[in-house]
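What follows is calculated from the coordinates using simple rules that are stated; it is not laboratory data. The structure displayed is predicted, hence computed values, not measured ones. Cβ coordinates were reconstructed from backbone atoms using ideal geometry, including for glycine residues, and neighbour counts include every protein chain displayed.
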């Protein structure tokens, strides 16, 4: 659990974060989002003490941050950043097993762990283990960055625009991989992004910030259907109900051919309805029921 | 204009090689050999026209060169064997002419017990032209072509060495000087390496931490850089002179220092001065190397849970290392050269031969000192270049 209690941070005159009160539950993904300069990155960087708050307290595992040794604290918080920050003089496996090395694991165990993680993030260990970072593409480097953050199996994961610097296709595939990994590992994740679709796709809870102040903290569906104020309403856009469609996953959808591992959503169902000649399309819901979905049925599902 | 020879594997740039033909023609009108009846006597020089040398090799050399020159001008491609023939001849013909001239002088009975010969201006210019041609060949060739060239070069060097140990070229003036002082030569060579090696070692021991300090504490940065670069502006001879008085005083004041061999002249001031000179490149490159480590990499180390110390040794230093080695390389090559001057204040080293030679107007003795210094500087440069490549093998691309 990560708890913020009346946390404020200033840079000189400028207020970066003001009176932040928020709790990130264990095993959930909390996405910090907002316009540039809203304080989302500052909030993230206070969690592993890259920055210190001016006021208020942050607790991790029921212990205040100021009671941790920073280096020691960071060993149990994985960190992924947009520029990845792989160490160019180390091979991929050495980069991944960096935190285990700091924790004093022996070499065979580190190598084994690195290969395990490469597999997990979808890179063939035999091919990638001994490469240098300069030999990787942007997407591959980002996967290695995620593997490195997970190496010592830290309970917490901080991600600062982790998928921001890659092309849209690669980003989609990275997001999907991340979701699969997270559904298995159940880490407590705080992720910063400026991409609303990414937030809706990945988040259990969205924290929407503006000028250092938390505007709304809730599930993607809550934020989309019940914006707390005008700013939130404007931020999620007038097409917010379309975005809602992607938050409802289906078990099955007639005529849907998705890439392996991904599920169709109501958005795909709507697309089928618009494309076909029929008034309905057959879908399988996550609760096991099947139904013939019409436009009216779609509205009910979204508003539910 | 770039003309290529497409060789066995990769193309070789032909033009710079062929241009070396121009100085090579110097062999026609400059002297090939200089003969002196004894060490101090006035020398007598001979050109190819004054000796009954067979002109065939010279003609061959010039013809090959001209053919290649024409090829380079009008044809896009030529064969590697032709280039190899030309390169070998430009390297070896001046030397062969020198050897033949020596043989002829020996036959005329001019090479008495005390007489000595040295290459004339034409041979030297020919050798310099050959050096330029071979440098270009080795630089621009790849793969199997390069293997051929290296093999040919080694063959030529072997050929020259084989001639040096036999008559009449055992009368080569530098060899004569060497034979008289073989023991001294070894001793001064070792002293030269010891002095420059220790100076560079000390400069690393002081300069790398100083560079780190300058990096960590920007307040000291200017002071440290100013101090080390000011030292560089002091002429080396003046530096040795400046050290004599304080060190002599120290030695006077402290018997303990005196018993350690500290005095106003000799190895101590030389070592101090050489170390001071070697400092700037080491300090500056340490600072630069550390400064160019990308922020993202540094911060990712921090966020990974590295302590400051771990970050320094596991991230910053390894990434800075190639640049640091580059600085040590500069310092080492400089030190090999600067150590020469140490001969003036009784510290020994190969400079001793140079200053002795200058004093006695014996050019041969000067050359005996200069050649190993040049070879040593080149060797040191190459060794550090290799180390630099090894240290930077991870690539500099940051992701």
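Here are the numbers:
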{"quantity": "Chain B, relative contact order [Cα under 8 Å, separation at least 6], %", "calculated": "15 percent"}
{"quantity": "Label zone at residue A:165, where the point sits 7 Å out along the Cα-to-Cβ direction: the range B:292-315 residues whose backbone N lies under 19 Å", "calculated": "B:292-305, B:315"}
{"quantity": "Value of Rg to Rh for chain A (Rh from inverse mean 1/r over Cα pairs, i.e. Kirkwood)", "calculated": "1.00"}
{"quantity": "Rg [Å, one decimal], Dmax [Å, integer] - the range A:1-41, C-alpha atoms", "calculated": "11.6, 36"}
{"quantity": "Cα-projected label distance for residue B:292 with residue B:389, points at 7 Å along beta-carbon direction, nm", "calculated": "1.9 nm"}
{"quantity": "For B:341, A:190, B:282, order by how many other beta-carbon atoms lie within 10 Å, fewest first", "calculated": "B:341, A:190, B:282"}
{"quantity": "Relative exposure of A:132, A:68, B:277, judged by other C-beta atoms within 10 Å (fewest first)", "calculated": "A:68, A:132, B:277"}
{"quantity": "nm² value of the averaged projected area, convex hull over the Cα atoms of the range A:188-239", "calculated": "3.6 nm²"}
{"quantity": "The range B:203-218 versus the range A:128-183: alpha-carbon centroid distance in Å", "calculated": "37 Å"}
{"quantity": "Contact order relative to length of the range B:87-164, as percent, for alpha carbon pairs under 8 angstrom and 6 or more apart", "calculated": "46 percent"}
{"quantity": "Taking the C-alpha atoms of the range A:1-101, convex hull volume expressed per residue in Å³", "calculated": "133 Å³"}
{"quantity": "Largest to smallest principal axis extent of the C-alpha atoms in the range B:105-243, angstrom", "calculated": "74, 46, 25"}
{"quantity": "Column: log10 I(q)/I(0), Debye, Cα scatterers of the range B:195-309, q = 0.10 Å⁻¹", "calculated": "-0.42"}
{"quantity": "The range A:132-200: proportion of alpha-carbon pairs further apart than 16 angstrom, %", "calculated": "47 percent"}
{"quantity": "Cα centroid separation - the range B:230-254 against the range A:1-21, whole Å", "calculated": "60 Å"}
{"quantity": "Rg ratio (alpha-carbon, reference 2.2 N^0.38 Å) - the range B:243-387", "calculated": "1.44"}
{"quantity": "Ranked A:97, B:112, A:18, criterion: other C-beta atoms within 10 Å, fewest first", "calculated": "B:112, A:18, A:97"}
{"quantity": "Tensor-based shape of the range A:151-304 (alpha-carbon gyration tensor, a/c under 1.5 rounded, otherwise prolate or oblate)", "calculated": "oblate"}
{"quantity": "Folded to 0 to 90 degrees: helix A:266-275 orientation relative to chain A principal axis, Cα", "calculated": "40 degrees"}
{"quantity": "Against the rule of thumb 2.2 N^0.38 Å, how large the Cα Rg of the range A:91-220 comes out", "calculated": "1.12"}
{"quantity": "Percent of Cα-Cα distances greater than 16 Å, calculated over the range B:333-385", "calculated": "40 percent"}
{"quantity": "With 5 Å bins from 0: P(r) over the range B:120-200, alpha-carbon pairs, percent", "calculated": "3, 12, 12, 15, 15, 17, 17, 9, 2"}
{"quantity": "Förster radius 25 Å - calculated FRET efficiency between residue A:57 and residue A:233, Cβ distance, rounded to 0.05", "calculated": "0.20"}
{"quantity": "Acute angle (nearest 10 degrees) that the helix B:363-391 long axis makes with the longest principal axis of chain B, alpha-carbon atoms", "calculated": "50 degrees"}
{"quantity": "Spin-label pair residue B:40/residue B:242, simplified geometry with 7 Å Cα→Cβ offset, distance in nm", "calculated": "3.9 nm"}
{"quantity": "Once the Cα gyration tensor of the protein assembly as shown is diagonalised, semi-axes √(5λ) in Å", "calculated": "74, 36, 18"}
{"quantity": "Two-decimal Rg to Rh for chain B - Kirkwood Rh, Cα set", "calculated": "1.06"}
